[in-house]
Structure formats: structure tokens, C-alpha cells
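Data first, discussion second: the structure below is written as C-alpha cells.
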Amino acid sequence: MTLEEVKEIDSTYVMPTYGRMQIAFERGEGARLYDLQGRDYIDFGSGIGVNSVGYGNQRLSKVLADQTHKLLHTSNLYLIPQQALLAKKLVELSGYDMNVFFANSGAEANEGMIKLARKYGEVNFSKKRYKIITLASSFHGRTLATLKATGQESYHRFFSPFPDGFVIAQSLQDVYAKIDDETCAVMIELIQGEGGIYALPKEEVQKLEKHLRNKEILLMIDEVQSGAYRSGEFLASHLYGISPDVIALAKGIGGGVPIGAVMSKHKDLFQAGDHGSTFGGNFLSTSASQCVLEILEEEKASGALQERIELFDHKLEECLRDSQKFIKKVGVGLMVGLEARDAQIQREVINQALESGVIVLRAGKNIVRFLPPLTISREEILEGFERFRKVIV
Ligand SMILES: Cc1ncc(COP(=O)(O)O)c(C=O)c1O
């Protein structure tokens with residue numbers, strides 16, 4: 001198919017919910033994507049933090065191919081060995097005493113987390129607690145409940161009325177003022193992604209954790225973007241030295257196969273019939289995720305992930321030093337960004353970078369965001385920044 005044909009069919013038949021760049025990719029290799037015309041791009045976006053092991057990964061392809069020959073799906077009416085093994089793996093990597101529910105996306109994992117909090121507030125207190133506090137510049141998803149949990153007002157236009165019981169705090173300090181005797185949980189991203197690659201201050205998070213524990217309020221961490229080694233650790237919660245009650249994961253744990261997970265310390269809260277998903281945790285997604293996590297675990301253990309993080313950081317420093325377009329570097333691990341002087345510069349840099357053969361993302365009002373595959377090679381990093389520098393210096 002030619003690009004013109006794709007454009008024509010897409011504009012006729014697909015709902016225009018995305019402000020799409022008019023480009024279509026055909027295949028990928030490592031951290032490199034090829035478009036329909038055969039032009040190559042270094043991908044510093046990995047499908048918004050999804051393609052954690054890059055493109056064309058042979059180990060992942062083999063696992064997927066083998067699994068498609070055996071079984072893709074049976075439903076959750078029956079035991080699923082791959083699902084059980086993936087849950088074990090996630091719990092072991094987390095180091096927390098938890099169990100897992102599987103969903104298909106970040107929003108769906110967060111919905112599960114919200115339902116867990118509501119049941120916790122219902123069964124544990126004589127007066128029901130149902131309020132969930134979230135932060136002003138957060139992003140938690142596009143379903144009605146996760147949209148309402150999302151603190152950015154711009155996402156709320158058109159879609160009211162929303163489910164009740166979400167309270168927005170303007171900052172971590174403001175959370176304390178928002179807590180009352182109906183609060184069941186506080187739900188936060190430790191490193192806000194869509195909101196602008198903002199890492200919450202560690203001491204303040206730790207202080208809040210203690211406070212919530214004393215008040216028997218759940219600390220729920222949305223690690224949909226920050227999880228699966230994106231921060232350099234398996235969970236950003238590890239970097240922060242906290243022990244959350246509930247964690248939501250998605251994106252990078254599937255390496256491109258849709259999967260979400262809710263991990264909870266409250267292991268008996270959900271009982272049969274309380275929650276479910278037709279596709280959640282099926283053979284295909286859980287076999288893929290096991291393989292992705294094995295690869296990433298090895299990358300971490302060998303020190304290769306840390307080397308990439310350091311090289312990336314060094315290249316971002318150079319960009320900051322040599323370009324007038326940016327104010328500062330933000331983020332953690334390979335969830336990083338450059339704060340542009342204004343929103344117009346942000347837009348121009350992203351568009352021109354694409355033209356020059358490197359994919360970067362936007363975040364917040366003026367952040368140019370980088371979420372490269374966690375397996376990106378040294379050469380790919382260097383080449384990507386060579387192309388990027390042409391745009392910014
Ligand atoms: C922190 C966070 N939570 C939730 C979501 C929603 O995930 P999904 O688009 O898979 O529903 C996102 C997506 O960007 C996210 O970054």
C-alpha cells in the first residue's frame with residue numbers, strides 16, 4: 001500500500017481521535033523503524049513507552065510464534081499456566097508480598113485499582129470510604145473513571161457526568177488537606193509522564209506513605225509508564241524506597257502485546273465475581289510478557305541498561321549545553337525529557353526531528369520526551385542524537 005492510499009482509507013474509515021503525523025511505518029529492527037517509503041528513523045519514543053525490547057526481537061518473536069501454534073486464548077474460566085507464571089514473576093521482581101489481576105491496558109489496570117480501593121473502603125470501615133485523591137497534572141487513562149482520576153481538566157471536556165468520588169490535589173502537600181474520613185486511597189504516578197516527565201520529590205513521597213499508612217488509606221501507584229525498568233529499576237517504587245499497597249502496570253511489560261496488571265498487597269479483597277476481563281492475561285499476552293521481563297531482567301543484571309541510561313543522560317546534557325531551545329533536563333532512567341522554552345519550540349522540535357529521522361514525543365506543555373526502547377544500542381543512541389542535534393543546534 002502507498003502512503004497516499006493509507007491516508008485516504010484512514011481518513012474515510014477511522015475515527016479522527018488522534019492528531020496523527022502523516023507517516024506510516026512498515027517494519028522495525030532494534031530501535032530503528034522503516035516507513036512505507038523505506039526511510040529509516042531512530043525511535044526515541046517506542047510507541048509511547050511500549051516497545052521496551054525494541055523491534056524484531058528474536059526471542060520475543062519466537063515465543064509469540066510458538067504460542068500461536070499452541071493456544072492464544074481460553075478465557076479466564078480455566079487455569080492459564082502462563083498467567084500464573086507471569087504473576088509469580090511480577091511478584092518476585094517487585095519484592096512485595098502481592099498477587100496480581102491481569103487486564104489489557106493501562107486504563108483498564110487503573111480501573112481495577114480503583115475498584116479495589118472502593119471495595120477496601122467498603123469492607124474495612126463502619127462508615128464507607130470511597131474518595132480517591134489524585135494529583136492535578138496526572139494522567140491515568142481514557143475510561144470515564146480514569147479520566148476523572150486524571151487531574152488535567154482539559155481531558156474532561158464533553159464527557160460529564162463522571163463517576164463520583166475523585167478529589168484532585170494541586171500538589172503532594174495539598175493531599176493532606178484533601179484527606180477526610182471518606183478517603184480510601186491516594187493514587188499517583190511517581191514520575192508523571194503525560195503531564196510533563198515530572199519526578200515527584202522522594203522525601204515527600206516517603207512522608208506521605210507513612211501518613212497514609214497511619215490513616216489506613218491505600219497508597220496506589222500508577223506505574224503504567226514508569227514501570228518495567230523504564231526508571232532504571234523494575235519499578236519506580238523501588239527507586240523511591242516505598243512499599244505501595246497497589247500498583248498498576250501496562251505498556252512496557254508487554255513489549256507491544258497489549259497487557260495490563262494490577263498488583264495488590266490486599267490479596268483477598270477481590271473474590272470470585274468482583275472483577276474480570278475476557279482477554280485479560282490470556283496465553284498470548286502472558287507468554288509475551290514473561291519473555292519481555294526475562295530480557296529486561298538480564299539487561300538490568302548485566303549493567304547494560306545502566307550504561308544506556310548514562311550515555312543517554314550525557315547526550316541530553318550536551319543538547320542542553322549546545323542548544324538555546326531548552327531550559328533544563330527532566331526525568332529519570334530512560335523516561336526523560338528536555339524542557340523547551342515554550343510550546344511552539346516543543347512542537348517545532350518534534351516535527352523537525354521526525355523529518356530529520358528521529359522520533360521524539362511531546363509531554364506536558366513544553367517537554368520534548370524521550371522513551372527509547374530499553375534495549376537500544378550505543379550506536380543507535382549516538383545516531384539518534386546526531387540527527388536530533390541537527391534540529392536543535
Ligand atoms: C501513567 C499512565 N497511566 C495510564 C495510562 C493509560 O494507559 P492506556 O493508554 O494503555 O490505557 C497511561 C498512558 O499513557 C499512562 O501514562
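The values are calculated or read from the model by the stated rules, or taken from the named source; none is laboratory data. Please read all numbers here as calculations on a predicted model, not as lab measurements. Please note: Cβ atoms are built from the backbone with ideal geometry, for glycine as well, and neighbour counts cover all protein chains shown. Note: areas computed on protein heavy atoms with side chains; ligands, DNA, RNA excluded. Shrake-Rupley method; radii C 1.70, N 1.55, O 1.52, S 1.80 Å.
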The range 23-86 - Rg and Dmax from Cα coordinates, angstrom | 15.6, 46
Please sort 135-141, 118-124, 161-167, 29-35 by packing, taking for each peptide the average over its residues of neighbouring beta carbons within 10 angstrom, highest first.
-> 135-141, 29-35, 118-124, 161-167
For the chain, percent of DSSP beta bridges that are antiparallel (nearest 5) comes out at 65 percent
Can you list the lysines whose alpha carbon sits under 21 Å from that of residue 328, skipping same-chain ones fewer than 8 residues off?
-> 202, 315, 365, 390
Euclidean distance of C-alpha centroids, the range 10-68 and the range 114-182, integer Å | 34 Å
Highest mean packing first, using Cβ neighbours within 10 angstrom, the peptides 372-381, 7-16, 57-66 sort as 372-381, 57-66, 7-16
May I ask for the Rg/Rh ratio of the range 104-188, computed from Cα atoms with Rh as the Kirkwood radius, given to two decimals?
-> 0.96
How are the C-alpha pair distances of the range 71-300 spread across 10 Å bins, as whole percents from the shortest bin up?
-> 8, 35, 37, 17, 2, 0
Among bridges DSSP assigns within the range 71-300, what percent are antiparallel (round to 5)?
-> 45 percent
Within the range 140-218, DSSP-loop GluC sites (Glu not before Pro) with at most 16 other C-beta atoms within 10 Å are 182, 216
Could you give the angle, 0 to 90 degrees to the nearest 10, between helix 202-214's Cα long axis and the longest principal axis of the Cα atoms of the chain?
-> 20 degrees
Roll a 1.4 angstrom probe over the protein heavy atoms and tell me the percent of accessible area of the chain that is carbon or sulfur.
-> 52 percent
How large are Rg and Dmax for the range 27-169 when only the alpha carbon atoms are used, in Å?
-> 19.9, 64
In square nanometres, what is one fourth of the surface area of the convex hull spanned by the alpha carbons of the range 221-280?
-> 4.5 nm²
Specify the angular offset, from 0 to 90 degrees and rounded to the nearest 10, of the alpha carbon long axis of helix 106-123 from the longest principal axis of the alpha carbons in the chain.
-> 10 degrees
Isotropically averaged projected area of the range 261-393, using the convex hull of Cα atoms (one quarter of hull area), nm² = 11.1 nm²
Could you bin all the Cα-Cα distances of the chain into 10 Å bins starting at 0 and give me the percent of pairs in each, rounded to whole numbers?
-> 5, 22, 32, 27, 12, 2, 0
Accessible area per residue of the chain at 1.4 Å probe, in Å²?
-> 46 Å²
Helix 283-301 vs. the chain, principal-axis angle (Cα, 0 to 90°, nearest 10) | 70 degrees
For the chain, give the magnitude of the charge dipole about the Cα centre (Cβ charges: +1 Lys/Arg, -1 Asp/Glu; no others), in debye to the nearest 20.
-> 620 debye
